[in-house]
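Every number in this text was worked out from the coordinates using simple rules, so none of it is lab data. Predicted model only: the values in this text are computed from it and were never measured. Every residue, glycine as well, gets a Cβ built from its backbone with ideal geometry; the counts of neighbours run over all protein chains shown.
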Amino acid sequence: MAKRRASSPLTLAVLACLAQRPMHPYEMATTMRDQHHDSAVKINFGSLYNAVETLRKSQLIDVQSTGRQGNRPERTIYEITEDGREELAQRLRELLSTPMKEYTLLAAGLTFMTALSPDDVAAQLALRAHRLEKEVERDREELRLSSEGDKDRAPLPRLFLVEDEYQLALKETELTWVRGLLQDISSQSLDGVEEWRELHAARRIR
């Protein structure tokens, strides 16, 4: 079997849904949202239908049936194949066991930040830290409500919240790191910051 035919998070989410039971695409999207998959996967119907078609062509899923209820549009129900189950298991093992290089937008910004002046970068990092503080505060409260429940919803087992815990931990770590970098730039203790500042001063003189 070819490797990594379910290479995107959305194709993986489709396989995970169909491993539960056969579904049509609208039900897949609803299930993903109900099970909080949208915290890790960007869900929109255009991309979802493309993912379904990619998996069908790869023979990881197949059409189980088509039907129509009343005046509603015809719906196609899909089911996972044995190759699809094997692909899902293989891909999950790979994702859980193997650290992979991720090309984040923040990393790109940091790589090229010297195109801005140190003061400008410090201002942007301060803004990012402020926004992260708000997000961390919000995410902590949402995680607490999900785990404890309230009058409108029952508490969720931690099993279904580990991805939210992970996202929160990433934001908390990033906030700590951004604050440290901001302090180093502002205090001139970052190695190379003086040359960086002189470079931008020379550009202004020209």
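Observations
- Reach of Lys57 by Cα under 29 Å, taken over lysines that are not fewer than 8 positions away in the same chain: Lys3, Lys42, Lys101
- Expected 222 nm ellipticity per residue - DSSP helices of 4 or more, -39500 (n - 2.57), all of the chain, to 500: -20500 deg cm²/dmol
- Separation of alpha-carbon centers, the range 39-82 and the range 113-190, rounded to whole Å: 35
- A simple charge model with +1 on the Cβ of Lys and Arg, -1 on the Cβ of Asp and Glu and nothing else charged puts the dipole of the chain at about 640 debye relative to its Cα centre.
- Length-normalised contact order for the chain - Cα pairs under 8 Å, 6+ apart - percent: 18
- Highest-first arrangement of 50-60, 124-134, where packing means the average Cβ count within 10 Å: 50-60, 124-134
- Only Lys, Arg (+1) and Asp, Glu (-1) charged, at Cβ; the range 13-124 dipole about Cα centre in debye: 320
- Under 13 Å from the Glu135 label point (7 Å along Cα→beta-carbon), backbone N, the range 152-168: 167-168
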